[in-house]
Every structure is written in C-alpha cells, then in structure tokens.
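*Asks:* Here it is, the structure, as structure tokens.
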Amino acid sequence: MNHTPEFADPQLVSLDQAIARLKDGKLVAIPTETVYGLGADAADPLAVAKVFAAKGRPSNHPLIVHCASLAHAERFMQPPSAAMQTLLKTVWPGPLTLVTAKTDAVSPVITGGRDTVALRCPAHPLTRELLQRSGLALVAPSANRFGRVSPTSAAHVLSEFPGKDIGVLDGGECTLGIESTIVRENGDTLEVLRVGALSIPELKTLWPGSVVYNASTKGGVPGALATHYAPERGVWLWHYPKSFAFNESDLVCGWHKPDMLCQFQLLPDDPVQCAAMLYPLLRSADLRAEGRLIIEMPPATEAWMAIADRLTRAAHRD
Ligand code: TXA
Ligand code: MG
C-alpha cells in the first residue's frame, strides 16, 4: 500500500531519488541542523553553476562544501593544525564551518577563484546518510533566493522555488534554525567570520587560544551584506527601554510587553530556543494582513550575538 499523501508536492523526493538526482548533476534541497541547503555535487562544476543561477547569487560569493566526516573533508583542505583537528573532532558533525587553504580537489567555481575553501559536516541524520551512501561532497548554500530569509522547513524551500527543477528532501524542521558559525585559524587565534549556531562562549570553551569577532573580521565573509535575511514586508527593531510608536495592529515580539495596546508574543529566554524560531517568525511578517512585525533587540552579550546579527541585517534598509 502506498502511503504517499495524494497531494504531496511533486518536488519532494526520497533519499534514493535525491542521490540519483545529485549524481545526475541536478539540484536537491537538503535538511541540515541549521537551515536547509540547496545541494549540488561539488565535483560537478555545471551542477555548481546551477546553484548560483537558481539562487540568483553573484558568482564571487563562495559556497560551503558539505562532507560526511573529517576524513572526507581532509581531501579538500591542507592538513589542519593539531588544535584545529581537536576542535573539528569535537564539534563535527555540527554547526561549525572552517575556512582554510584548499587542495586542487576543490573547483574554483565553488570558491570564486579563492585559494581557500569553506568546509562543514552537517549533523542532520538524513543528510548524513545521503553523504555517506552517495560518497559525494555537496555544495549547499542556504536554500533561499538571494538576500531572503533562510528556510528551516521543506515547506519554506518549496515556497522559495515553486515549480523549479529542484528536488526537496524533507527532513522536518531544522533543530537549530540559524546558520553555522564560520571560523578561520590565524596563529593561536580563532577568528569568527560569521556568528552562528555555535556561540562564541561555546567556542571559547573549546579553543585553547583566543576567539575574536571584531571590526577586522566582522562580515569578513564575502557576501555578508548589510541587507540579508530580510522579509519582503520588513521587520522593525525595538531597543528596549527606548520609546517606540506602536500601533494596535502591530505584533511585538520580545521580553517586555509594551504598555500600549498591541499584540505581544513573549520570546524564549534561551538564545538556542530563540534561534530555532527566529526565521519562521521573520517569514511570518510576509503573511500578515496588516501591522508591522516588531522585534525587541536581545541583550548585547556574546550568547545573543548571532540573533542580534540576523535581526540587524533583516531590518536593514539601503
Ligand atoms: O549553516 C550553514 O552554513 C548553511 C547550511 C545549508 O549548511 N549554509 C550556508 O551557506 O549558510 P551560505 O552560502 O548561505 O553561506 C556561506 C557563507 C557565505 O557568507 C560565504 O561568503 C562564506 O560562507 N564562504 C564560503 N567560502 C568561503 C571562503 N573560501 N572564504 C570566506 N568565506 C567563505
Ligand atoms: Mg545564506
């Protein structure tokens, strides 16, 4: 008996179909613990080019290569230091991306001609199985159109690319809900190029030297634009306790309920829980019939930095 729902979206694919499509040079959106990625065979430059075209992404914004294991990733990078090897063994599979000197096994189409590559081992069980069974390494930027909010469910991906020749492997909702943290080693220092799901306080417990995210590395990844992760209808930031002209039809999300009459949603006190609901919340801005989505800025601490970063970019207007 076939249990496939009668009206299942034709873009949804099984694991076997996903592997067959990828080996055929086609695109498949894959679930990860952070966000869904738009996957293609990293060894096939034509398939990689399709990723840039589908996203509308400039070709000089390099892609992350997703691998099954550290041993797999080592084919694509120059030998890591002992400290880096220890870090990667601890956090992979997991939400950390390493930028490091590449080997010839990485096509310049992936790196925009750079001599470095970004590598990560995702933790989602379905994608781990896909990587292990296929033996492929996959490029996978977040599976959204360029500049828009990253998808954290198969339904989000389908709404980004309706009717396109893109298979979607449904792995449920992403547990972490915010992109991986991107780092680079510089002597004893670990430079954070993009704040993300692995927080700086956590990295500090795992790295023997210093961990820095400052003016010199901030936005150090090509393609880290001021406007990013943005809902079409916009989102507004409230810097509590500053005053804000709320309207009755606005939805305010945060930790302090305004005295004025408006809808209010309490956000979790824990940054991990908050990150998991952030992108669905940003997406909901576009579904509102009226009123603004207004989000309270979180505390200015390292634990909340990734959320503050995404909110600032989502609310930025050029
Ligand atoms: O959690 C994630 O990292 C998700 C999931 C799907 O794995 N992927 C993701 O990919 O966020 P994307 O393409 O949206 O962001 C990749 C970032 C870009 O900002 C890019 O500039 C940076 O990684 N990047 C890639 N290669 C790089 C390199 N060689 N040097 C510096 N930055 C690099
Ligand atoms: Mg992205």
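*Asks:* Return the calculated 222 nm mean residue ellipticity for the chain, to the nearest 500 deg cm²/dmol, obtained by summing -39500 (n - 2.57) across DSSP H runs with n ≥ 4 and dividing by the residue count.
*Replies:* Details: 10 runs with 87 residues, N = 318.
Value at 222 nm, helices only: -7500 deg cm²/dmol.
*Asks:* Need the list of lysines near residue 242 for cross-linking: C-alpha distance under 17 angstrom, and skip anything on the same chain fewer than eight residues off.
*Replies:* Reachable lysines: 257.
*Asks:* Which of the three applies to the chain, rounded, prolate or oblate, going by the alpha-carbon gyration tensor with a ≥ b ≥ c and a/c under 1.5 meaning rounded? Before the final figure, lay out the partial values.
*Replies:* Working: a/c = 1.91, a/b = 1.24, b/c = 1.55.
Oblate.
*Asks:* To the nearest 20 debye, what charge dipole does the chain have about its Cα centre, counting +1 at the Cβ of each Lys and Arg and -1 at the Cβ of each Asp and Glu?
*Replies:* That gives a dipole near 620 debye.
*Asks:* For residue 64, list long-range residues whose amide hydrogen, built 1.01 Å from N in the peptide plane, is under 5 Å from its own amide hydrogen.
*Replies:* Correct list: 140.
*Asks:* Something else now. Please tell me the relative contact order of segment 82-221 in percent, rounded to the nearest whole number, where contacts are Cα pairs under 8 Å and at least six residues apart.
*Replies:* Across segment 82-221, relative contact order equals 22 percent.
*Asks:* For the peptides 80-89, 129-138, 173-182, what is the packing order when you average, over each peptide's residues, the other Cβ atoms within 10 Å and list the highest mean first?
*Replies:* 173-182, 129-138, 80-89
*Asks:* Between segment 125-162 and segment 269-317, what is the separation of their alpha carbon centroids in Å?
*Replies:* Taking the Cα centre of each part, segment 125-162 and segment 269-317 sit 21 Å apart.
*Asks:* Rounded, prolate or oblate: which one fits segment 68-124, using the alpha carbon gyration tensor with axes a ≥ b ≥ c (rounded when a/c is under 1.5, else prolate when a/b beats b/c, else oblate)?
*Replies:* prolate
*Asks:* Something else now. Want the number for residue 133 to residue 239: 0.36 nm per residue separation, take away the alpha-carbon distance, what's left?
*Replies:* 33.3 nm
*Asks:* Compute the relative contact order of the chain as a whole-number percentage, counting only Cα pairs closer than 8 Å that sit 6 or more residues apart in sequence. Before the final figure, lay out each step's value.
*Replies:* Working: 649 pairs, mean separation 60.2, N = 318.
Normalised by residue count, the contact order of the chain is 19 percent.
*Asks:* Would segment 30-144 count as rounded, prolate or oblate if I go by the C-alpha gyration tensor, calling it rounded below 1.5 in a/c and otherwise prolate when a/b exceeds b/c, oblate otherwise?
*Replies:* Oblate.
*Asks:* Could I ask something else about it? At 1.4 Å probe size, with the rest of the protein present, what percent of the exposed accessible area of the chain is carbon and sulfur atoms? Walk me through the numbers on the way to the answer.
*Replies:* Values: 7750 of 14270 Å².
Roughly 54 percent of what the probe reaches on the chain is carbon or sulfur.
*Asks:* Still on this structure: So what's the net charge close to residue 240: Lys and Arg +1, Asp and Glu -1, counting the other residues with Cβ under 13 Å from its Cβ?
*Replies:* Surrounding charge for residue 240 is 0.
*Asks:* Describe numerically, in nm with one decimal, the distance between label points set 7 Å from Cα along Cα→Cβ at residue 189 and at residue 46.
*Replies:* In this crude spin-label approximation the distance works out to 4.5 nm.
*Asks:* In nm, what is the difference between 0.36 nm times the number of residues separating residue 155 and residue 86 and their Cα-Cα distance? Write out the running numbers ahead of the final one.
*Replies:* On the way: separation 69, 0.36 × 69 = 24.84 nm, distance 3.68 nm.
Separation in residues times 0.36 nm, less the Cα-Cα distance, equals 21.2 nm.
*Asks:* Give me the extension gain from residue 256 to residue 101: residue separation times 0.36 nm, minus the current Cα-Cα distance, reported in nm with one decimal.
*Replies:* Residue separation times 0.36 nm, minus the Cα-Cα distance, leaves 51.2 nm.
*Asks:* Lys/Arg Cβ at +1, Asp/Glu Cβ at -1, dipole of the chain taken about the Cα centre: which of 90, 61, 211 is farthest positive-ward?
*Replies:* 61
The values are calculated or read from the model by the stated rules, or taken from the named source; none is laboratory data. Treat the numbers as computed from the prediction; the structure is a model and nothing was measured. Methodologically, a virtual Cβ is constructed for each residue, glycine included, from the backbone with ideal geometry; neighbour enumeration extends over all protein chains shown. SASA here: full protein model, heavy atoms, side chains in, ligands and nucleic acids out. Shrake-Rupley method; radii C 1.70, N 1.55, O 1.52, S 1.80 Å.
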